[in-house]
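**Student:** Have a look at the structure that comes next, please.
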Amino acid sequence: MKGFLKQRRPPDVHPCGLGVILKVESKAVIALLTGFAFCLLPTTAHADVPITERNKAVARRVFDEIFNQRRLQVADEIYARDFVNHGRRPISLAEDQAWVRSELKAFPDLRMTVDAMVAEGDYVTVLWTFHGTHTAWGYGGLPPTGTRVEMRGITIWRVIDGKIQDEWTSFNEMRAYVQLLHHVQWLLLGALLAAVLVVWQSGRWFERWRFHRRRMH
């Protein structure tokens, strides 16, 4: 029997050849299936994340990346092209980002912190705090005052397909101006006093001029 098997074996096939081929093919199949599963994993994981959490992640990028990291180009990634900021008057994305740039210019150390965030459906509501030192022009047309400003506000965003479509923001802007003016109140008081003295002195000169004119006539 051993001789018969030995004669029947193909002369060009090693006794272990079939096992090697099976092992190689098995590894190839496993690698193929693993790669296929790996490609599907991000999509599946992304689909498992609730839409509210994905919208909150988009909203957080506004504070973390645009304001705190000064990566203004991120706006092109997370805002819709027809975005509208519903403030005192509706403004476009270009105007909105121009205002952001002016704030970053006036407050070079500006930092935004997220105090609370709530999402429901397409809407994300954020309670935030603004921190910054007014050391340059660009805020309300005021000259730099060196004032440390802190104010809180609330923003509501509507996020559609991962893009911010609409915004409603409210904050106490008057509080910011009060902080700025409080910091320079003595300068303003001095300027006011100087103006009063100028007016008073001008009045005296005018009265003297009128008195001398009457005497000449």
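**Student:** With a point put 7 Å past each Cα toward its Cβ, work out how far Glu95 is from Asp82 in nm, to one decimal.
**Tutor:** 1.7 nm
**Student:** What nm distance separates the two modelled labels at Arg210 and Trp168, each placed 7 Å from Cα along Cα→Cβ?
**Tutor:** About 5.9 nm, to one decimal.
**Student:** Next question. Could you give each residue of region 146-151 its phi-based ³J(HN,Hα) in whole Hz, using Karplus coefficients 6.51, -1.76, 1.60 with θ = phi - 60°, and x for Gly or Pro?
**Tutor:** x, 7, 8, 10, 9, 8
**Student:** How would you rank Arg101, Arg214, going from fewest to most other Cβ atoms within 10 Å of each one's own Cβ?
**Tutor:** Listed from fewest to most nearby Cβ atoms, that is Arg214, Arg101.
**Student:** Okay, moving on. Rounded to the nearest 0.05, what FRET efficiency do Leu127 and Ser202 have when you use their Cβ-Cβ distance and R0 = 45 Å?
**Tutor:** 0.30
**Student:** Sticking with this one: Taking R0 as 22 Å, what's the FRET efficiency between Arg152 and Gln73 from their Cβ-Cβ distance, rounded to 0.05?
**Tutor:** After rounding to 0.05, the efficiency reads 0.20.
**Student:** For a quick check: with amide H placed at 1.01 Å from N, whose amide H comes under 5 Å from Met151's, ignoring anything fewer than 5 positions away on the same chain?
**Tutor:** The list, which skips near neighbours in sequence, is Phe130.
**Student:** Convex hull over the alpha-carbon atoms of region 64-141: what's its volume per residue in Å³?
**Tutor:** 111 Å³
**Student:** In nm, to one decimal, how far is the Arg111 label point from the Ile51 one, both placed 7 Å along Cα→Cβ?
**Tutor:** 3.6 nm
Only the coordinates and a few stated rules stand behind these numbers; no lab work does. Note that the structure is predicted; figures quoted are calculated from it, not measured. Cβ atoms come from the backbone with ideal geometry, glycine included; neighbour counts cover every protein chain shown.
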